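The values are calculated or read from the model by the stated rules, or taken from the named source; none is laboratory data. Model, not experiment: these values are computed from the prediction. Because the Cβ atoms are built from the backbone with ideal geometry, glycine has one as well, and the counts that use them run over all protein chains shown.
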Amino acid sequence: MTTQPAASPEAIDTAARRLIQAIETHTPCAPVRDQIGENDVAAAYQVQEQLIAARIAAGAVVVGRKIGATSKAVQEQLGVDQPDFGVLLADMEYREDQVVPMSRLLQPKVEAEVAFVLGEDLADGPLDVAQVRGAIDYAVAALEIVDSRIENWNISFGDTVADNASSGLYVLGSQRRTLAEFEPVEVEMSMTIDGVEVSTGNGAACLGDPLNAVSWLARYARDFGVPLRAGQVLLSGALGPMRPVEPGQVVTAHISSLGTATATFSS
């Protein structure tokens with residue numbers, strides 16, 4: 001890490017235990033900002049690290065990263081003013097032909113994104129957009145199912161970072177495109193729930209360009225000692241506002257050049 005937390009180790013441990021208990025009991029918990037503050041980024045990421053370490057100890061496997069709060073619309077929805085990142089684990093992914101079980105979720109919302117799969121590590125060098133572009137193997141349409149262990153989504157920036165950037169599950173589309181075939185900044189997005197359009201946006205809504213988001217993530221992840229690696233999935237951030245989802249609904253992200261990604265939720 002590049003900075004030291006202001007919160008004490010005991011406070012960080014208390015916050016982590018609260019979130020781990022929420023996960024284990026499937027019961028939302030009180031915000032953790034009473035322990036780590038609203039904007040102590042270093043402390044929040046230390047809590048996140050403890051959460052992920054607990055999951056790995058239980059057999060989970062890291063497969064990528066997600067970038068959160070990249071669009072102004074989502075920042076306003078969450079009341080935050082900067083991006084964050086979380087860790088993707090193998091058991092978070094559902095295929096389009098699988099039903100997403102609501103039993104794994106507490107208070108889910110869905111957003112449409114461009115997902116990238118890396119062909120090369122992003123660990124050394126400037127980690128600028130040019131380097132990022134060369135490291136990406138392909139992109140697909142994606143739905144991120146965000147979720148919060150914090151009761152009623154009552155979150156500050158510190159709460160969402162600590163809670164693994166409010167990660168839940170995700171679904172990737174099947175149509176792969178290389179960056180020679182399309183420009184992420186130019187995509188147009190429409191998200192539907194049961195066929196009704198509920199969110200729209202575009203590539204420019206994601207930090208000006210989804211590749212900017214990946215460049216930000218690459219630098220930040222390296223600073224935190226967890227650089228991005230070949231083969232990892234990167235959810236680059238919402239292209240438009242997220243929307244709550246209910247049991248039995250079908251959500252589809254329509255992203256120009258990338259086709260669709262569809263998630264069907266259990267009743």
| Which of (1) assigned to a helix (DSSP H, G or I); (2) in contact with a helix residue (DSSP H, G or I) (Cβ under 9 Å, 6 or more places away or on another chain); (3) modelled with pLDDT of 95 or more is the odd one out, the single condition Ser199 does not satisfy? | (1)
| Regarding Ile67, is this residue out of contact with any Ser or Thr (no Cβ under 8 Å at 6 or more places or on another chain) and either within 17 Å of Gly86 (Cβ to Cβ) or among the small types (Gly, Ala, Ser) (or both)? | no
| request: List every residue pair whose Cβ atoms lie under 8 Å apart, where the two residues are 6 or more positions apart in sequence or sit on different chains, the first residue falls within the range 245-267 and is under 17 Å from Pro108 (Cα atoms), and the second residue, located anywhere, is part of a loop (DSSP other than H, G, I, E, B) and among the basic types (Lys, Arg). | output: none
| Would you pick out the residues in the range 171-188 that are in contact (Cβ under 8 Å) with a residue 60 or more places away in the chain and not in a loop (DSSP other than H, G, I, E, B)? | Val171, Leu172, Arg177, Pro184, Glu186, Glu188
| task | Scan Ala162, Ala205 and give me the residue that is closer than 24 Å to Asp40 by Cα, touching a residue at least 60 places away in the same chain (Cβ under 8 Å) and not polar (S, T, N, Q). | result | Ala162
| task | State whether the residues of the range 162-170 include one that is modelled with pLDDT of 95 or more, more than 14 Å from Gln48 (Cβ to Cβ) and assigned to a loop (DSSP other than H, G, I, E, B). | result | yes
| message | Looking only at the range 63-92, count every residue that is modelled with pLDDT under 95 and in a helix (DSSP H, G or I) and tell me the total. | response | 7
| Which of the following residues is under 14 Å from the mean Cα position of the chain (by Cα) and either in a loop (DSSP other than H, G, I, E, B) or of a type outside the set (S, T, N, Q) (or both): Leu143, Leu106, Leu127? | Leu143
| Here are Asp128, Asp137: which of them is of a type in the set (Asp, Glu) and out of contact with any Asp or Glu (no Cβ under 9 Å at 6 or more places or on another chain)? | Asp128
| Residue that is touching a strand residue (DSSP E or B) at 6+ places or on another chain (Cβ under 8 Å) and farther than 21 Å from Ala165 by Cα, where the choices are Ala141, Ala135 | Ala135
| task | Please find, within the range 109-120, the residue that is nearest to Pro244 (Cα to Cα) out of those that are touching a Leu at 6+ places or on another chain (Cβ under 8 Å) and surrounded by fewer than 23 Cβ atoms within 10 Å (Cβ to Cβ). | result | Val117
| Could you list, in sequence order, the residues of the range 2-22 that are modelled with pLDDT under 95 and not small (Gly, Ala, Ser)? | Thr2, Thr3, Gln4, Pro5
